[in-house]
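Let me begin by presenting the structure, written as structure tokens, before commenting on it.
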Amino acid sequence: MPDGSAPATRPSSTPAVRNDWSVAEIQALLDLPFPELMFRAQAVHRLTFDPTDIQISTLLSIKTGGCPEDCAYCPQSARHEESVKADRLMAVEKVLEEAKKARAAGASRFCMGAAWRSPKDHDLETVCAMVEGVKGLGMETCVTLGMLDTQQAEKLKTAGLDYYNHNLDTSPEFYGEIITTRTYQDRLDTLSNVRDAGINVCCGGIVGMGENDTNRAGLIAALATLPTHPESVPINLLVKVKGTPLGDAEDIDPLDFVRMIAVARITMPKSRVRLAAGRENMSDETQTLCFLAGANSIFYGERLLTTPNPQAQRDRQLLARLGMHTTGVGLDTVETAQL
């Protein structure tokens with residue numbers, strides 16, 4: 001709206017997809033009374049998705065640690081005290097064994113993460129073989145490998161890759177406080193290369209890194225003004241890891257996190273909004289509010305790369321209590337930072 005106020009009307013039909021959201025509009029949504037914000041988010045959610053459906057993915061770290069980047073939240077950075085020990089890229093056969101286990105457990109999508117600034121050509125060839133193998137099992141594929149150029153994105157597409165994860169992390173204004181080894185434009189360029197190659201985009205950010213309300217609105221604005229909204233939008237709650245610059249960050253109000261979920265749902269009505277890292281520290285009640293706010297995807301398993309994730313049994317029990325059903329239930333075998 002021209003004056004930055006939140007929309008006065010509530011959605012009554014299929015929500016229009018906008019790519020022109022302003023930070024002021026998004027801030028106005030974040031500032032709404034909580035019951036009103038939740039109502040609007042749930043109303044939008046019901047127009048596009050089954051409100052009782054949760055999509056579940058699996059995640060495997062195929063190469064852990066030794067990353068040259070300095071992301072302040074990530075224990076995989078080689079620049080941080082007590083960083084995760086660097087491992088070599090997994091063998092294709094081992095990855096396919098894990099994918100088969102995930103498929104047997106009901107997974108429909110298998111995600112693979114590598115702690116790189118960007119993949120080397122010979123490593124990319126190996127990852128392409130992994131993608132082809134997982135596709136051969138009848139599963140959807142997703143990878144996160146760092147920055148990609150046009151040719152690398154096209155190779156992954158040829159291999160059959162369905163989704164590429166590359167987060168913006170935070171707002172453009174706060175970004176320099178978190179990462180100095182790659183620019184915001186570097187991230188946007190990778191997203192553009194992925195989109196141009198015809199690969200679905202998984203892109204979100206992290207809440208709780210010391211950002212203010214304007215920075216949070218700026219993150220949602222950056223995502224919601226991409227030429228095409230990401231098909232998947234993971235919203236992470238910072239997992240504080242000893243030895244990283246954010247290891248002693250202050251906790252945030254859980255309701256502020258729920259507000260981010262709700263505004264992501266309103267501004268990106270056709271995207272899957274995913275609860276990603278940080279669920280281990282959320283109560284069942286907070287997660288339930290996130291589902292009511294429009295979150296309809298989670299990672300399932302005991303770890304998210306190098307950070308804890310609620311155990312599968314706890315997830316199953318919560319979803320059963322809520323009377324919700326799942327799409328692609330799987331086994332998350334994980335090992336990297338916020339995804």
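A few comments on the model shown:
- Paramagnetic label zone (point 7 Å from Cα along Cα-to-C-beta, Met324; backbone N under 19 Å) in the range 243-278: 254-278
- Per-residue ³J(HN,Hα) for the range 150-158, Karplus 6.51 cos²θ - 1.76 cosθ + 1.60, θ = phi - 60°, Hz, x for Gly and Pro: 4, 5, 5, 4, 5, 5, 5, 5, 4
- In percent, rounded to a whole number, the relative contact order of the chain is 26, using alpha-carbon pairs under 8 Å and six or more apart.
- Cβ distances below 4.7 Å define possible disulfide partners, and in the chain the cysteines left without one are Cys67, Cys128, Cys202, Cys203, Cys290.
- Residues whose amide H comes within less than 5 Å of that of Val207, counting only those at least five positions distant or on another chain, are Asn236, Leu237, Leu238 (H built at 1.01 Å from N in the peptide plane).
- Using θ = phi - 60° and Karplus 6.51 cos²θ - 1.76 cosθ + 1.60, couplings along the range 282-287 (whole Hz; Gly, Pro as x): 9, 6, 4, 5, 5, 4
- Note on Asp87 and Ser22: the model spin-label points, each 7 Å out from Cα along the C-beta direction, lie 4.9 nm apart.
- The residues packed around Arg259, meaning those with a beta-carbon under 14 Å from its beta-carbon, carry a net charge of -3 if Lys and Arg are +1 and Asp and Glu are -1.
- Asp213 contributes an accessible area of around 90 Å² to the protein surface, as traced by a 1.4 Å probe with all chains present.
- Cα→Cβ-extended label distance, 7 Å offset, between Lys242 and Glu177, nm: 2.6
- Environment charge of Thr170, counting only residues whose C-beta is closer than 12 Å and scoring Lys/Arg +1, Asp/Glu -1: -2
- Å² of accessible area per residue within the chain, as computed with a 1.4 Å probe and no ligands counted: 40
- Heavy-atom surface analysis with a 1.4 Å probe gives the range 206-275 a carbon and sulfur content of 47 percent of its accessible area.
- Cα gyration tensor, the range 139-295 - rounded (a/c under 1.5), prolate or oblate: prolate
- HN-Hα J in Hz across the range 55-62 - Karplus 6.51, -1.76, 1.60, θ = phi - 60°, x for Gly and Pro: 7, 10, 10, 10, 9, 10, 7, 8
- Applying 1/(1 + (r/R0)^6) with R0 = 56 Å to the Cβ-Cβ distance of Arg316 and Gln151 gives a FRET efficiency near 0.85.
- For the chain, a simple Cβ point-charge model (Lys and Arg +1, Asp and Glu -1, everything else neutral) yields a dipole of about 960 debye relative to the Cα centre.
- For Glu140, nonlocal amide neighbours, meaning residues 5 or more places apart or on other chains whose placed amide H falls under 5 Å from its own, are Arg109, Phe110.
- Among residues other than Pro230 with Cβ under 14 Å from its Cβ, the summed charge is +3 (Lys and Arg +1, Asp and Glu -1).
- Crossing angle, helix 34-48 versus the chain [Cα axis fit, 0-90 degrees, rounded to tens]: 60
- Annotation: amide H of Arg272 within the under-5 Å range of Ser232, Val233, sequence separation 5 or more or interchain, hydrogens built in the peptide plane.
- Distance between modelled label sites at Thr228 and Leu47, nm, 7 Å Cα→Cβ extension: 2.2
- Among the lysines of the chain, pairs at least eight places apart or on separate chains and with Cα atoms under 13 Å apart come to 6.
The values are calculated or read from the model by the stated rules, or taken from the named source; none is laboratory data. Bear in mind that the values here come from a model prediction, so they are computed numbers and not experimental data. Heads up, the Cβs are rebuilt from the backbone with ideal geometry, glycines too, and the neighbour counts pull from every protein chain shown. Please note that ligands, DNA and RNA were not included when accessible areas were found on the heavy atoms of the full protein model with its side chains. Shrake-Rupley method; radii C 1.70, N 1.55, O 1.52, S 1.80 Å.
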